[in-house]
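**Student:** Following this message is one structure expressed as C-alpha cells.
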Amino acid sequence: TTSPVKLFEYMAMGLPTLGTCDLKECYGYNGVVIASDDNDFVRRMPEVIGLKCDVKIRSQLLQYAQQNSWKQRAKDIDQKVSNLK
C-alpha cells in the first residue's frame, strides 16, 4: 500500500478529488470520488467539480487533512510508542 500524500494536500485546500480505482487507499473519504475506468473518470468530472461548492464536503475534507497531517501522525506514533512501555 501507499499513503496518498497528494490527496491529503488537496484535502487541506478543501478540494474534492477524482481518483482512479487502482489507489485503494483513497476509498472511504467523502469528497473523494473514485472512477472505475477512463469513461467513468470523464463522466464523473462534473460531479466532483460540483462538490467544490458543497460547504459540508469542504469542511469534511479539511478535517481529513488535519487527521492526516505530519504533526498528527507524529502524535499518533508517539502515543503508540508510549503505550509499548
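The values are calculated or read from the model by the stated rules, or taken from the named source; none is laboratory data. On a predicted model such as this, the values are computed, not experimentally measured, just so you know. Heads up, the Cβs are rebuilt from the backbone with ideal geometry, glycines too, and the neighbour counts pull from every protein chain shown.
**Student:** If a residue has to be among the charged types (D, E, K, R) and more than 16 Å from the chain's Cα centre (by Cα) to count, how many in region 55-80 make the cut?
**Tutor:** 5
**Student:** Could you check how many residues of region 30-63 are of a type in the set (Ser, Thr, Tyr) and at pLDDT below 95? Write out each step before concluding.
**Tutor:** First, pick out the residues of region 30-63 that are of a type in the set (Ser, Thr, Tyr): 36, 59.
Imposing the further condition that a residue be at pLDDT below 95 reduces the set to 36.
Adding up the residues that qualify gives 1.
**Student:** Are there helices (runs of 4 or more DSSP H) fully within region 37-85 with at least 3 residues that are touching a strand residue (DSSP E or B) at 6+ places or on another chain (Cβ under 9 Å) and not hydroxyl-bearing (Ser, Thr, Tyr)? List them.
**Tutor:** Details: elements: 38-51, 55-67, 70-84.
Output list reads 38-51.
**Student:** List pairs: first in region 55-69 and exposed (fewer than 13 other Cβ atoms within 10 Å of the Cβ), second at pLDDT 95 or above, Cβ under 7 Å, 6+ apart or cross-chain?
**Tutor:** Short answer, once both residue conditions are applied: none.
**Student:** A follow-up question, please. Pairs under 9 Å by beta carbon, first residue under 18 Å from residue 45 (Cβ atoms) and outside any loop (DSSP other than H, G, I, E, B) in region 1-30, partner among the aliphatic types (A, V, I, L, M) and at pLDDT below 90, six or more apart or different chains?
**Tutor:** 7/23
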